[in-house]
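The values are calculated or read from the model by the stated rules, or taken from the named source; none is laboratory data. Since the structure is predicted, the reported quantities are computational estimates derived from the model, not experimental observations. In this analysis, Cβ positions are derived from the backbone assuming ideal geometry, glycine residues included, and neighbour counts consider all displayed protein chains. We work out accessible area using only protein heavy atoms, side chains counted, and drop any ligands, DNA or RNA first. Shrake-Rupley method; radii C 1.70, N 1.55, O 1.52, S 1.80 Å.
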Amino acid sequence: MAKRDYYEVLGVNRDASEQDIKKAYRKLAMKHHPDRNPDSPKAEESFKEAKQAYEILSDPEKRAAYDQYGHAGVDPSMGGQPGAGPGAGFADIFGDIFGDVFGGDSRGRSNVYRGADLRYNLEISLEEAARGTEARIRIPTLVSCETCHGTGAKSGTQPTTCPTCNGAGQVRMQQGFFSIQQTCPKCHGSGKVILNPCPSCHGNGRIKQHKTLSVKIPAGVDEGDRIRLTGEGEAGVNHGPAGDLYVVIHVKSHSVFTRDHNDLHCEMPISFTVAALGGEIEIPTLDGYAKIKIPAETQSGKIFRLRGKGIRGVRSSAPGDLLCHMAVETPVNLTARQKELLLELETINQSSGSKHNPRAKSWMEKVREFFGS
C-alpha cells in the first residue's frame, strides 16, 4: 500500500513551522500511543505513522529532500538521503561529503520544484454542511505561463546553461584547505540563464492569475474539516508538479441550532401553562417540524431527545440526535385580571404547603443543612 503524504499524516500545511509540526505530532502521539490503546492495532499503526512523519519533517535536511523528491528522497531502500535525491547511492553521497572538502566536482542537481500548496477558507451554512453542497470559489495563484510554456524564455528561444556554474546551480569558493559551496549568484540556483525573457512572465515561467474552481462539499462536514484538491495549488518551477489546494470549512452560526459533533441542540420556549398541565408542541428540525408531547409538571431545563434528527457525519454510519432544551417562559405584559389569577394561584399554593414546589423544598433543606440549623 502506498505511503500517505507526511504532511497529511500530521494534518499540517507544507509551509508549517517547526513548532506547528511538533504540536501536531504531540497531539497525535497522545491520541494513538499504544499505552493508551493497548487493544487497538490500528492505533499503534497510526502512532508509528505519525512518528515516522515527524522524524522526517522535524529534520530540516530530510524535510527538504522529502519536499523535493517525496518518499523516494528519504527512503533508504531507494537510495534516498537528505540532499542526495532519489536513486543516489553510496558513491554519490561520498562525493557530496568529500567533494566539498577537497574541491571535487559537484554532480548535477535537480532544478525542478513542486509548486506551493494553497489554503482557502470557505464559509457555509449549517444546512449546507448537513446536506452537502457545491461551491464555486475564486483563488489567486501562480500558473504556468502559456506564452513560453513555463520555460521563461521568449518564443523561439530556450534558456541556456549558466556560464558561471556550468549548470550546477552552485559555485565553490576556496578558503584555504576548505571549499565552501553556495548558490550561484548568476542563475540563483536554477543552472540556467535566460538571455531573451518571455514578455508575458518576464522570465519567471509563471504568472499571477485568478482561477475559478467548483468544490464539492460532502454531507456532514464540520468546522475545520479540510477538502484537498490535488494539483490545484501553485504551478511548479521548471515543469515541476503543481501544489495542492486545501479548502478549510467554516460553518456559520445558526439562529436556532447549535452543533456538537453529530448532535444538534436547540432551546425551545414553552408557556407556563403547557409546562404545568402538559400538551403537544412543534419542534423545528433540519427537515421541517416534528411534534412532541410535553408531560405535565415539566421543569425548565428538561431535555427531550429526538433520535436521528441530528447530522450524519462524513464518516458516520448513522445520524446524531436533536436535543431540545425546555425553557419555561415567564409571562409578561400581564393584564389586571391575569395578575389577579396568578395571585390567587400563589395564595392557594402557599396554603397547601410545599407539595406544589418540591424543588424549592429540597433546596431549602440543603440551605438549612449548610448553615447547621
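For the peptides 327-336, 294-303, 227-236, the ranking by packing is 227-236, 294-303, 327-336, with the highest mean count of neighbouring Cβ atoms within 10 Å listed first.
Which of rounded, prolate or oblate describes segment 1-69 when judged by the alpha-carbon gyration tensor and an a/c cut-off of 1.5? Cα axes put segment 1-69 in the prolate bin. Taking a ≥ b ≥ c as the square roots of the eigenvalues of the Cα gyration tensor, segment 147-234 is oblate, since a/c reaches 1.5 or more and a/b is not larger than b/c.
My understanding is that a pair violates if its Cα-Cα distance is over 28 Å; which of Lys309/Lys339; Lys22/Lys216; Lys3/Lys192; Lys216/Lys302; Lys3/Lys216; Lys31/Lys302 do that in this structure? Result: Lys309/Lys339; Lys22/Lys216; Lys3/Lys192; Lys216/Lys302; Lys31/Lys302 exceed 28 Å. Rounded, prolate or oblate: pick one for segment 183-288, where a ≥ b ≥ c are the square roots of the eigenvalues of its C-alpha gyration tensor, a/c under 1.5 means rounded, and failing that, prolate if a/b is larger than b/c, else oblate. Since a/c reaches 1.5 and a/b is larger than b/c, the shape of segment 183-288 is classed as prolate. Taken about its Cα centre, segment 210-321 carries a charge dipole of about 220 debye when Lys and Arg each add +1 at the Cβ and Asp and Glu each add -1 at the Cβ. Here segment 140-212 is assigned +1 on the Cβ of each Lys and Arg and -1 on the Cβ of each Asp and Glu. Its dipole about the Cα centre then comes out at about 80 debye. Accessible area of Ile207 (1.4 Å probe, protein heavy atoms only, ligands and nucleic acids ignored): about 50 Å². Taking every alpha-carbon pair under 8 Å whose residues sit at least 6 apart, segment 187-257 reaches a relative contact order of 24 percent.
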